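Reading through the structure tokens given below for one structure.
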Amino acid sequence: MTTPNLYAIPRPGLRWLPVWRRNFLVWRKLAIPSVLGNLADPLIYMLGLGYGLGGMLPQMNGVSYVAFLAAGTVVASTMNAATFEALYSSFSRMHVQKTWDAILNTPLSLDHVLAGELVWAASKSLLSGLAILVVIFALGLTTSPLALWAVPVIFLTGVTFAAMGLIVCALAPSYDFFMYYFTLFITPMLLVSGVFFPADQLPAIVHAVASWLPLSHAVGLARPLLLGQIPENALMHVSALLAIAFVAFYIASALTRRRLLK
């Protein structure tokens, strides 16, 4: 029996589709509660802060605070949905339910399993982001056709955070481990990436560090589009998200191979 190369570049091709389909068929049974659950928190933030706190605030970058917050909420919701799926659901299938072990007894490889998990988490987060986007259109917070370009931004954001989540999934000994990731990375990033207020209000060194974070790149793309503007440095933001997604998925693949195949 040959020893697998733990550090080979993943080459899943399209054989991840059965894994994606399997996850979709399971999720479909609870689709409505799942979508509503992903919609609740961002709507509370957007409507509660946007109309409540926003009523006491001046305009932000020339728009109402609720319109400013709405654009950040779209990608923040996408980030949370992709992260939860790549952590809790993927960990359950890998470690608790042993679903991955069962799949690996078929002609599919671990590359196919991980790619399927990645695309599925991104797809689920896309639904969450789209739900918020529909609410934003319904409330009249955006009317520009450019806002439709936020859809691929949402999916790219989901892919990036799903890939990062799979790294943590590969390292986690239990569900409790995930709280470190949320407390030390996700929550601070949510606060400094321009979701709730302009990031340039932060101290210079914090702003400089925050500008490298993936959520900052997602906000830098989504907010101008929802406000009817062409994003500045769009190619840089897209390239940064793609690079983070690729590197994170490679690391997640290597760590998961070491955990399951060594």
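All but one of (1) open to solvent by less than 10 Å² (accessible area, probe 1.4 Å); (2) farther than 20 Å from Ala162 by Cα; (3) of a type in the set (Ser, Thr, Tyr) hold for Thr106; which doesn't?
Status for Thr106: all satisfied but (1).
Considering each residue of the range 37-82, count those that are aliphatic (A, V, I, L, M), out of contact with any Phe, Trp or Tyr (no Cβ under 9 Å at 6 or more places or on another chain) and in contact (Cβ under 8 Å) with a residue 24 or more places away in the chain, and give that number.
The total comes to 9.
Given the structure, is Leu127 modelled with pLDDT of 85 or more and in contact with a Leu (Cβ under 7 Å, 6 or more places away or on another chain)? Write out each step before concluding.
Working: modelled with pLDDT of 85 or more: yes; in contact with a Leu (Cβ under 7 Å, 6 or more places away or on another chain): no.
It is false that Leu127 is modelled with pLDDT of 85 or more and in contact with a Leu (Cβ under 7 Å, 6 or more places away or on another chain).
Kindly provide the set of residues from the range 16-46 that are of a type outside the set (Phe, Trp, Tyr) and closer than 27 Å to Pro107 by Cβ, ordered by number. I'd like the intermediate steps shown before the answer.
Applying the first criterion (of a type outside the set (Phe, Trp, Tyr)) to the range 16-46 yields 17-19, 21-23, 25-26, 28-44, 46.
Of everything in the range 16-46, those that are of a type outside the set (Phe, Trp, Tyr) and closer than 27 Å to Pro107 by Cβ turn out to be Leu17, Pro18, Val19, Arg21, Arg22, Asn23, Leu25, Val26, Arg28, Lys29.
Looking only at the range 140-157, which residues are touching a Gly at 6+ places or on another chain (Cβ under 9 Å), more than 14 Å from Ala122 (Cα to Cα) and open to solvent by less than 70 Å² (accessible area, probe 1.4 Å)? Walk me through it before giving the result.
Step one: filter the range 140-157 for residues touching a Gly at 6+ places or on another chain (Cβ under 9 Å), giving 141-147, 150-151, 153-155, 157.
Those still in the list that are more than 14 Å from Ala122 (Cα to Cα) too: 141-147, 150.
Selection gives Leu141, Thr142, Ser144, Leu146, Ala147, Ala150.
Scan the range 15-47 for residues that are modelled with pLDDT of 85 or more, part of a loop (DSSP other than H, G, I, E, B) and open to solvent by 80 Å² or more (accessible area, probe 1.4 Å) and jot them down.
Restricting attention to the range 15-47, the residues satisfying the condition of being modelled with pLDDT of 85 or more are 15-28.
With part of a loop (DSSP other than H, G, I, E, B) added as a condition, the list becomes 15-16.
Within the range 15-47, just Arg15 meets the criteria.
Restricting the search to the range 178-201, which residues are open to solvent by 30 Å² or more (accessible area, probe 1.4 Å), under 19 Å from Gln59 (Cα atoms) and either in contact with a Leu (Cβ under 6 Å, 6 or more places away or on another chain) or not aromatic (Phe, Trp, Tyr) (or both)?
Passing the criteria: Asp200, Gln201.
Being in a loop (DSSP other than H, G, I, E, B) and among the small types (Gly, Ala, Ser) is the filter here; which residues of the range 199-217 pass it? Working first, answer last.
Within the range 199-217, the subset in a loop (DSSP other than H, G, I, E, B) is 202-203, 211-213.
Correct list: Ser211 only.
Here is a yes/no grid of residues against (1) modelled with pLDDT under 95; (2) in a helix (DSSP H, G or I); (3) open to solvent by 30 Å² or more (accessible area, probe 1.4 Å); (4) over 16 Å from Leu166 (Cβ atoms):
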| position | (1), (2), (3), (4) |
| --- | --- |
| Phe68 | yes, yes, no, yes |
| Thr73 | yes, yes, no, yes |
| Ala81 | yes, yes, no, no |
| Leu87 | no, yes, no, no |
| Phe91 | no, yes, no, no |
| Asp111 | yes, yes, no, no |
| Val119 | no, yes, yes, no |
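Let me spell it out: the conditions are (1) in contact (Cβ under 8 Å) with a residue 24 or more places away in the chain; (2) under 15 Å from the mean Cα position of the chain (by Cα), and Trp149 meets all of them except one. Which number is the exception?
Here Trp149 clears every test but (2).
Those residues that are in contact with a Cys (Cβ under 8 Å, 6 or more places away or on another chain) and polar (S, T, N, Q), I need them from the range 87-101; list them, please.
The one that is in contact with a Cys (Cβ under 8 Å, 6 or more places away or on another chain) and polar (S, T, N, Q): Ser90.
Confirm whether Leu171 is on the phi < 0 side of the Ramachandran plot, in contact (Cβ under 8 Å) with a residue 24 or more places away in the chain, hydrophobic (A, V, I, L, M, F, W, C) and crowded, with 19+ Cβ neighbours inside 10 Å.
On the way: on the phi < 0 side of the Ramachandran plot: yes; in contact (Cβ under 8 Å) with a residue 24 or more places away in the chain: yes; hydrophobic (A, V, I, L, M, F, W, C): yes; crowded, with 19+ Cβ neighbours inside 10 Å: no.
So Leu171 does not fit the description; no.
Conditions first: (1) in contact with a Pro (Cβ under 9 Å, 6 or more places away or on another chain); (2) open to solvent by less than 90 Å² (accessible area, probe 1.4 Å). Ile230 passes all but one, so which condition is the exception?
(2)
In the range 203-217, what residues are touching a helix residue (DSSP H, G or I) at 6+ places or on another chain (Cβ under 9 Å) and open to solvent by 30 Å² or more (accessible area, probe 1.4 Å)?
Step one: list which residues in the range 203-217 are touching a helix residue (DSSP H, G or I) at 6+ places or on another chain (Cβ under 9 Å), which gives 206-207, 209-217.
Result: Val206, His207, Val209, Ser211, Trp212, Leu213.
Could you figure out which of (1) surrounded by 14 or more Cβ atoms within 10 Å (Cβ to Cβ); (2) within 30 Å of His95 (Cβ to Cβ) isn't true of Gly220?
Every listed condition holds for Gly220 apart from (2).
The values are calculated or read from the model by the stated rules, or taken from the named source; none is laboratory data. Bear in mind the structure is a predicted one, so any value in this text is a computation, not a measurement. All Cβ positions, even for glycine, are placed from backbone atoms using ideal geometry, and neighbour counts span all protein chains on display. To get the accessible areas, we keep the full protein, side chains included, count just its heavy atoms, and leave off ligands, DNA and RNA. Shrake-Rupley method; radii C 1.70, N 1.55, O 1.52, S 1.80 Å.
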